[in-house]
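Laboratory data are not the source of any read-out in this text; all were calculated from the coordinates shown. Bear in mind that the values here come from a model prediction, so they are computed numbers and not experimental data. All Cβ positions, even for glycine, are placed from backbone atoms using ideal geometry, and neighbour counts span all protein chains on display.
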Amino acid sequence: MRAEVLKGHLDALVLAALEAEPAHGYGIIRRLRARSNDVFRLAEGTIYPTLHRLERDGLVKSRWTDASGRRRRVYRITRSGREALRVRRLEWRQFALAVEAVLA
Amino acid sequence: MTYLDRLAQELARVGVGGRARTRILAEAADHLADGDEAAFGDPGALAQLFADELATQATTRSAYFAFGALAVAGTGFAAGWLLVVQRGTADITSAAFLPLGLVAAFALIACPQIAFASGLLSLLRARRLAKLRAAPAAELSLLARRTRTALAFGAASMVAFAAYALDYHNSFSRAQVTAGTAGAAALLLPLAVAAIAARRAAAVRSAVPGDAGDMFDDVPLALPRRPWLACFALAAVLAVPLLAAGGLDEGPRNAAAEVLLVVLCFAVFGRRLGLRD
């Protein structure tokens, strides 16, 4: 799928990927690919500006962790992030139903 | 040159430095230990993505900070003015060096008004751009110009205040002159800190396309897009209280001077501050 198509939805997709449990950037990319059956393929680095913005907006939090001698920045969704995700889901469902109705 | 070296170089090119750059490079290094460079994306494009968002955040924040610094300086300026003139203003011809006194007196009237107008325009634009993920480079550039202008004229107001107090020292007590000059010097400090923040923010370069817009995009009112009409309307609004307060003798003179000042400033700074084409 083209990156431009994903661009407007990346915030919600990242929040959804973090909903179940925290993850680092590479882990989020893998979750997005797995859950989309490998449809969502974007330049992997672009996940980081999104994560940094979500953190500035208070929707995710992050911290450095040390696992097996390796430093990784792990992100987790906040309460505000869960609320934002709930709203985005509602908006998406309305939008998808409307598009489906028109296209069908 | 490794991928991380190229990313570091590209981040430096777009002005992303300090802790943000360190964090980005550390996360990229961790990611690339698992993934491959081709999938991570072009380093130039990635650096620009970061810069587009960080420039918006830094420039709007620096505008807020500058307005805060101007508010502190403006409050101090007003308090200092009341302190210095509590025994009445000095006779304009009593300056130790008259040309300096005249320039300082004019600057005392004009500079705070320009600083306030620029700062307010900066604040209005910052409020609008803060809602955007990545604002157009031209809009951010205009915002930065407004912020710099506000800070420069804020600083000029303080210098003018100190110069006025010193040049007309014969008309004031020693304590008034000392307090006036020391206060003006102290009030330069928040403005200097805000200027440094604005300079740092301007180092981050957005590349988002789009027009700079003008004041009608910033004012939350549906006004006719006629800049000079807006200028004369504003001048009239500012002149009316001066006309009323000055009485028959000084009122018309003060009001005419204010109208002239507003129109002159609009002509000189209009394009720089995005007030007119």
Query raised in the report: What's log10 of I(q)/I(0) for chain B at q = 0.10, 0.15, 0.16 Å⁻¹, Debye sum over Cα points only, no solvent?
Result: -0.64, -1.10, -1.19
**Report entry** Degrees, to the nearest 10: B:137-167 long Cα axis against longest axis of chain B
**Finding:** 30
Query raised in the report: Roughly how many nanometres apart are two label points built 7 Å out from the Cα toward the Cβ at residue A:103 and residue B:228?
Result: 5.3
Report summary line: Simple SL model, points at 7 angstrom along Cα→Cβ for residue B:130 and residue A:67; separation in nm is 3.7
Query raised in the report: Per-residue ellipticity at 222 nm for chain B, helices alone: DSSP H runs ≥ 4 residues times -39500 (n - 2.57), over residue total, nearest 500 deg cm²/dmol?
Result: -27000 deg cm²/dmol
Requested in this report: Amide H neighbours of residue B:207 under 5 Å, at least 5 residues apart or on other chains, H built in the peptide plane: list them.
Outcome: B:52
Query - Binned Cα-Cα distances of the protein assembly as shown, short to long, each 10 Å bin given as a whole percent - result: 5, 18, 23, 19, 14, 11, 7, 2, 0
Query raised in the report: Each residue of the stretch B:124-131 in order: what ³J(HN,Hα) in whole Hz does its phi give by Karplus 6.51 cos²θ - 1.76 cosθ + 1.60, θ = phi - 60°, with x for Gly and Pro?
Result: 4, 5, 4, 4, 6, 6, 4, 7
Query raised in the report: Could you give the angle, 0 to 90 degrees to the nearest 10, between helix A:47-56's Cα long axis and the longest principal axis of the Cα atoms of chain A?
Result: 80
Query raised in the report: residue B:75 to residue B:272: FRET efficiency via 1/(1 + (r/R0)^6), r the Cβ-Cβ distance, R0 35 Å, to the nearest 0.05?
Result: 0.85
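For the stretch B:212-277, which trypsin sites (Lys or Arg not before Pro) are in a loop by DSSP, counting at most 14 other Cβ atoms within 10 Å?
Numbers: sites: B:225, B:253, B:271, B:272, B:276; in loops: B:225, B:271, B:272, B:276.
Answer in residue order: B:225, B:271, B:272.
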Report summary line: Computed on Cα atoms, the radius of gyration and Dmax of the stretch B:129-240 in angstrom are 19.4, 57
Report summary line: Computed curve, the stretch A:3-103, Cα-only Debye sum without solvent term, log₁₀ I(q)/I(0) at 0.10, 0.11, 0.14 Å⁻¹, is -0.29, -0.35, -0.55
**Report entry** Amide H within-cut-off set for residue B:135, under 5 Å, with H built and near neighbours excluded
**Finding:** B:56
Report task. Note down the nm distance, to one decimal, between modelled labels 7 Å out along Cα→Cβ at residue B:91 and at residue A:38. Result -> 9.4
